[in-house]
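Here is the structure we will look at, set down as structure tokens.
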Amino acid sequence: MNRQDKDEGFPCGGCAAFGRTAIGLPLICVFGFVPLASLFADYSFTQESDPAGLFSSVTHTGEAGSTANSLSPILRKEGYRFTHWSVNGLRQAAADGSSRITFGGTLDGNLTAIAHYLLEGQDSDADSFPDWLELRTYGTLNKDGADDADDDGFSLELEQKSGLVPSIKDEIRQGRVARRRSRKVSVNFGGANVLTVRSDPQGIVASTVNLFDLNSSHLSPNPPESQAGYAFGYWTLNGQRVADPTGAALPQAQVDLNESVELVAKYFSENEDTDRDGMPDWQEWNAFGNLDQDESSDGDGFSTSDEVHYGLNAAIADEITQGNVARRRSKKVFLNLGGAKNLTVESDPPGFVARSEINSDVNASYQSPDPARKLAGYAFAYWTRNGTRVADSTGTAILRPSGVLETDVELVAKYLPEKQDSDADGTPDWQEWNAFGNLDHNAGDDEDGDGFLLGRELQYGLHPAIADLVEQGGVSRRRARRVGLSPASLDQNQSSEDRDGDGLTQAQELALGLDPDKADTDGDGFSDSVEVSRGSNANDSSSLANYPPGDILLDNNTTSENLPAGSIVGDFNATDPDANSTHVFSLAEGNGSTDNAKFTLDANGTLKTAVIFDYETNATTLNVRVRATDELNATKEKTFVIQVTNVVEDLDQDGVEDFYDTDADGDGFTDSEELAYGSDPRNANSVANQPPSAIDLNGT
């Protein structure tokens, strides 16, 4: 459509984000020109997966022209791998042709974004290379493992095995000797149980995995009622919704650890109403545990939506009777009689910075709070003051704006999805907005001409607008931060104490900005010393020292009959989000552990037979349950099927297998006849009855 086709319209902004082919060529605009009347319309942005269920289906409604940003899909789940996003049928690709993991654009019509997945082992073109990787890297199945997408001399197969990005040119240079201390390993000698706490979607409630004494009691954290566009629905305890006797969800779950427990805080999109009954889904799930309610559930004359709105229990009939005189003190009312100015602080999206509103005297000084750098998959980009981005003289965003209240001031902390790269230039949007205030730069630029590319400067925390110089240095020193000492702490031995027993001395914790009286400063379930040793932030509850293994894999699941006990079946391996994790394997009791006793499993993952299998008389399909435990005792369990294969046994080579052959040794006597006679049914020279050897007459 061109401008002459409509006298009222404007070109949409969707093409820049969605209208690209797999090789970066522009497509015909799927949005076209939008009538001016649609500026006042609301559009839906639906995100789901194919196959369904691998990605939480979410629908948001927004005004025309607002920004639509995708969520970050789980790249590997339940034997499936993410291949690409499609928006209204169009694959979302970066400039190099590879699939975008996240994307963003302008909401100028109803959009359906589908996260596509394929089975991990699927190879439909039989090129010995998985379809998912070909589609994610190239968008087609016309390549195989021998192709070299970035022309760096490393084949696609080799780059996948080495964990390299197939679209980035790699180079090998001579290195030097390196060493690394192994991580500390937790050993569970006391039979402790695991308590796992997380949220769905992840990131709203901090994910923790802890070991506690058997039968100890614990209370879940108090989840935020709403955050980043999501509202709390209910807790699940090992998959079961936690509710009071009336069916209403409990805000906190009480658990006794007589077994390992997983607590999940279930959140729903705030405006989602899948049954279109006028009540958001989260309210129905919170109050009833289903979506089957209507406006008059308990028959008391008060609609369900009104009861939920006023905090009444929708499952209990309420009654109003005539009362006596009552009075209530009104809330305090602020009166601005002196011309005070208003200071409002909030974030976009809401919830990342606590919203506050204060009134101060004219010309009073103010300063913004210190915003969280990263939270729930989002990263801080910049502050706006009354709609204008706040930056220093070099154009870099100021972390904590300050000033004088000459007029009313509104401070908004702007957050963007951490992995969003809407211009596909290799640099996340939030970094460009933070450093420059626009998206006109890419990772290969050298803004200050100092020989360090933008991507490298942002990676190492250098200022992209100030030329950096590297020269040969000598001895350097740095003064420590000032430390306040009480008279009792002036003892020289005080700094070497470990008051909280977390493995770090008081001096070390003070130097790192940690609480020397708390073994776990950020309360994420990992002690300060464990987090420090593993490189996570001990002051940030969303930065965890360890994640459980992601999956367990077996390289062979068949074994032949008649093999001696102790024969090797195959080897288990585990994937893990934590780099360089080590795993110990063991057989686990539970669903799918029927045949565990017929096998042994070494700690290194080698599965062996414990008995001799007979294909004809034993079960040929066996089930085992395997547990992988990482160095901090986080576990993953999975059930596997082992197949016993047949070995043809035909002693007399007559084409009939011995088990079905009535005369196994072919001597003319059936096995049952030989057994009754006392001869060997598996020896052709041992027969049941011999004929006379000669005839003799004693007289002629």
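The values are calculated or read from the model by the stated rules, or taken from the named source; none is laboratory data. Here the structure is a predicted model, which is why all the values come from computation and not from measurement. No Cβ is skipped: glycine too gets one built from the backbone with ideal geometry, and neighbour counts run over all protein chains shown. For accessibility, only protein heavy atoms count, side chains too; no ligands or nucleic acids. Shrake-Rupley method; radii C 1.70, N 1.55, O 1.52, S 1.80 Å.
Tally Lys and Arg at +1 and Asp and Glu at -1 over the other residues with C-beta under 12 Å from the C-beta of Leu119: what net charge comes out? Write out the running numbers ahead of the final one.
Details: positive: Arg76, Lys77, Arg81; negative: Glu78, Glu120, Asp123, Asp131.
Taking every Cβ under 12 Å from that of Leu119, the sum is -1.
At 1.4 Å probe radius, can you tell me the per residue accessible area of region 554-700 in Å²?
Details: 8420 Å² over 147 residues.
Ligands and nucleic acids excluded, the result is 57 Å² per residue.
Using r as the Cβ-Cβ distance of Ala178 and Gln240, and R0 as 51 Å, what FRET efficiency do you calculate, to the nearest 0.05?
Numbers: r = 48 Å, r/R0 = 0.95.
About 0.60, to the nearest 0.05.
Take the solvent-accessible surface of the protein heavy atoms, probe 1.4 Å, and return the percent of it on region 501-618 that carbon and sulfur atoms account for. Before the final figure, lay out the partial values.
Values: 2690 of 5440 Å².
Here it works out to 49 percent.
Please express the shape of region 385-427 as an equivalent ellipsoid: the semi-axes are the square roots of 5 times the eigenvalues of the C-alpha gyration tensor, given largest first in whole angstrom. Could the numbers behind the result be given before it?
Numbers: eigenvalues 144, 31, 14 Å².
Working through the eigenvalues yields semi-axes of 27, 13, 8 Å.
Rolling a 1.4 Å sphere over the protein heavy atoms, what is the accessible area per residue of region 397-472, to the nearest Å²? Please list the in-between numbers first.
Values: 3990 Å² over 76 residues.
Value for region 397-472: 53 Å² per residue.
Could you work out how much longer the chain between Glu171 and Ala465 gets when fully extended? Use 0.36 nm per residue separation minus the Cα distance between them, nm to one decimal.
Numbers: separation 294, 0.36 × 294 = 105.84 nm, distance 2.81 nm.
Extra length from Glu171 to Ala465 when fully extended: 103.0 nm.
Rank Leu454, Leu563 by accessible area, highest first, at a 1.4 Å probe radius?
Numbers: Leu454 5, Leu563 70 Å².
Listed by decreasing accessible area, they come as Leu563, Leu454.
Compare the peptides 608-618, 500-510, 425-435 by average per-residue count of other Cβ atoms within 10 angstrom and give them in order, highest first. Before the final figure, lay out each step's value.
Values: 608-618: 14.7, 500-510: 18.6, 425-435: 21.5.
With the highest mean Cβ count within 10 Å placed first, the list reads 425-435, 500-510, 608-618.
If packing is taken as the average number of other Cβ atoms within 10 Å across a peptide's residues, how do 408-420, 356-368, 634-646, 168-180 rank, most packed first?
Numbers: 408-420: 19.8, 356-368: 12.8, 634-646: 17.2, 168-180: 7.1.
By packing density, highest mean first, the sequence is 408-420, 634-646, 356-368, 168-180.
Counting only protein heavy atoms and using a 1.4 Å probe, what share of the accessible area of region 641-700 belongs to carbon plus sulfur, as a whole percent? Don't jump to the answer; show the numbers that get you there.
Values: 2270 of 4340 Å².
Carbon and sulfur atoms account for 52 percent of the accessible area of region 641-700.
Using the Kirkwood radius over C-alpha pairs as Rh, can you work out the diffusion coefficient of region 44-98 via Stokes-Einstein at 37 °C, viscosity 0.692 mPa s, in µm² per second? Each step should come with its number before you reach the end.
Working: Rh = 12.8 Å.
Stokes-Einstein gives a translational diffusion coefficient of 256 µm²/s.
I'd like the accessible area for Asp576, computed on protein heavy atoms only with a 1.4 Å probe and all protein chains in place. Round to 10 Å², please.
It works out to around 40 Å².
Taking the solvent-accessible surface of protein heavy atoms with a 1.4 Å probe, what is the per residue accessible area of region 142-277 in Å²? Numbers along the way, then the final one.
Working: 8640 Å² over 136 residues.
The answer is 64 Å² per residue.
Kindly sort Arg456, Arg76, Arg625 by accessible area of their heavy atoms, largest first, with the probe set to 1.4 Å. Present the calculation step by step, with values, prior to reporting the outcome.
Details: Arg456 125, Arg76 70, Arg625 50 Å².
Largest accessible area first, the residues go Arg456, Arg76, Arg625.
Return the FRET efficiency for the residue pair Thr46, Asp370: r is the Cβ-Cβ distance, R0 is 35 Å, and the value is rounded to the nearest 0.05. Could you put the intermediate results ahead of the total?
Details: r = 36 Å, r/R0 = 1.03.
Taking R0 as 35 Å, the efficiency between Thr46 and Asp370 is 0.45.
Under a plain spin-label model, where a point goes 7 Å from the Cα along Cα-to-Cβ, how far apart in nm are Ser124 and Val648?
Going by the 7 Å Cα→Cβ label model, 3.7 nm.
List every residue whose amide H lies under 5 Å from the amide H of Ala610, counting only residues 5 or more places away in sequence or on a different chain, with H placed 1.01 Å from N in the peptide plane.
Amide H neighbours of Ala610, under 5 Å, 5+ apart: Gly566, Phe599, Thr600.
Using only the Cα atoms of region 108-180, each taken as one equal point scatterer with no solvent, compute I(q) by the Debye sum, divide by I(0), and report log10 of the ratio at q = 0.22 Å⁻¹.
Here the Debye-derived log intensity ratios amount to -0.96.
Give the whole-number value, in cubic angstrom per residue, of the convex hull volume spanned by the C-alpha atoms of region 161-272. Numbers along the way, then the final one.
Details: hull volume 23.3 nm³, N = 112.
Hull volume normalised by residue count: 208 Å³.
Along region 272-289, what does the Karplus equation 6.51 cos²θ - 1.76 cosθ + 1.60 (θ = phi - 60°) give for ³J(HN,Hα), rounded to whole Hz, x for Gly and Pro?
Those phi angles translate into 6, 9, 5, 9, 6, 9, x, 10, x, 4, 4, 5, 5, 5, 5, 7, 10, x Hz.
Please give the FRET efficiency for Ala146 paired with Glu225, using the beta carbon to beta carbon distance and R0 = 51 Å, rounded to the nearest 0.05. Can you show the working numbers first?
On the way: r = 54 Å, r/R0 = 1.06.
That gives a FRET efficiency of 0.40.
List the residues, sorted by chain then number, that are 5 or more residues from Leu462 or on another chain and whose placed amide H is less than 5 Å from its amide H.
Result for Leu462 returns nothing.
Counting pairwise Cα distances across region 196-249, what percent come out greater than 13 angstrom? Working shown, then result.
Numbers: 959 of 1431 pairs.
Roughly 67 percent, rounded to a whole number.
Just add up the charged neighbours of Glu589: K/R +1, D/E -1, any other residue whose Cβ is under 13 Å from the Cβ of Glu589. If you can, show how the numbers build up before the last one.
Working: positive: Arg625, Arg627; negative: Glu259, Asp595, Glu637.
It works out to a net charge of -1.
Test of understanding: what is the full-extension gain from Ala603 to Ser586, defined as 0.36 nm times their sequence separation minus their Cα-Cα distance? Spell out each step's value before the answer.
Values: separation 17, 0.36 × 17 = 6.12 nm, distance 0.63 nm.
Separation in residues times 0.36 nm, less the Cα-Cα distance, equals 5.5 nm.
Report the accessible area of Phe82, computed with a 1.4 Å probe over the heavy atoms of all protein chains in place, in Å² rounded to the nearest 10.
Counting only protein heavy atoms, the figure is 0 Å².
Please compute the length gained on full extension between Val187 and Gln322, using 0.36 nm multiplied by the number of residues separating them and subtracting their Cα-Cα distance.
Numbers: separation 135, 0.36 × 135 = 48.60 nm, distance 6.57 nm.
Once the chain is fully extended between Val187 and Gln322, it gains 42.0 nm.
Excluding Asp614 itself, what net charge comes from residues whose Cβ is under 11 Å from its Cβ, given Lys and Arg +1 and Asp and Glu -1? Write down the numbers at each step before the final one.
Working: positive: none; negative: Glu561, Glu616, Glu649.
So the surrounding residues net to -3.
Cβ neighbours within 10 Å, averaged per peptide: list 156-162, 547-553, 211-217 in order, most packed at the top. Don't jump to the answer; show the numbers that get you there.
Details: 156-162: 15.9, 547-553: 18.0, 211-217: 12.9.
Averaged packing, sorted descending, gives the order 547-553, 156-162, 211-217.
Taking the convex hull of the Cα atoms, report for region 587-700 its projected area averaged over all directions, in nm². Walk me through the intermediate numbers first.
On the way: hull surface 45.7 nm².
The orientation-averaged projected area of the Cα hull of region 587-700 comes to 11.4 nm².
From the phi of every residue in region 368-381, what ³J(HN,Hα) in whole Hz does the Karplus formula 6.51 cos²θ - 1.76 cosθ + 1.60 yield, where θ is phi - 60° and glycine or proline is x?
Using θ = phi - 60°, the values come out as 5, x, 7, x, 5, 5, 9, 7, 6, x, 10, 10, 5, 10 Hz.
On average over all directions, what projected area in square nanometres does region 514-592 have, based on the convex hull of its Cα atoms?
Result: 8.0 nm².
Give the share of C-alpha pairs in each 5 angstrom bin for region 322-462, from 0 to the last occupied bin, in whole percents, shortest bins first.
All Cα pairs considered, the percentages come to 2, 9, 16, 17, 15, 11, 8, 7, 5, 3, 3, 2, 1, 1, 1, 0, 0.
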